[in-house]
1. What strands (runs of 3 or more DSSP E) lie completely within the chain and have 1 or more residues being among the small types (G, A, S)?
2. Is it the case that D36 is in contact with a Ser or Thr (Cβ under 6 Å, 6 or more places away or on another chain) and either surrounded by fewer than 18 Cβ atoms within 10 Å (Cβ to Cβ) or of a type in the set (D, E, K, R) (or both)?
3. List pairs: first residue in the stretch 42-55 and under 11 Å from R2 (Cα atoms) and modelled with pLDDT of 95 or more, second residue of a type in the set (A, V, I, L, M, F, W, C) and in a helix (DSSP H, G or I) anywhere in the structure, Cβ distance under 9 angstrom, at least six positions apart or on different chains.
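The values are calculated or read from the model by the stated rules, or taken from the named source; none is laboratory data. Treat the numbers as computed from the prediction; the structure is a model and nothing was measured. Every residue, glycine among them, receives a Cβ derived from its backbone with ideal geometry; neighbour counts consider all protein chains shown.
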Amino acid sequence: MRATVNEECIGCGLCEGTAGDVFEIGDEGVAEVVVDEVPEELEDDVQDAADNCPVGAIELE
């Protein structure tokens, strides 16, 4: 699984709180993905972050 954050991100931090090993709020105040490939053991957390993102900014493939 790969995750990306699109330009809709408002930097609320929900994703970082849910899957902090995959997402962090960067210097621009919006979320960034810090891994190339989501480790299998974190896929459920990343899916939860995507499902609960208030602006739908997390895209999974």
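1. It comes to 3-5, 31-33.
2. Details: in contact with a Ser or Thr (Cβ under 6 Å, 6 or more places away or on another chain): no; either surrounded by fewer than 18 Cβ atoms within 10 Å (Cβ to Cβ) or of a type in the set (D, E, K, R) (or both): yes.
Spelling it out, it is not the case that D36 is in contact with a Ser or Thr (Cβ under 6 Å, 6 or more places away or on another chain) and either surrounded by fewer than 18 Cβ atoms within 10 Å (Cβ to Cβ) or of a type in the set (D, E, K, R) (or both).
3. V46/C15
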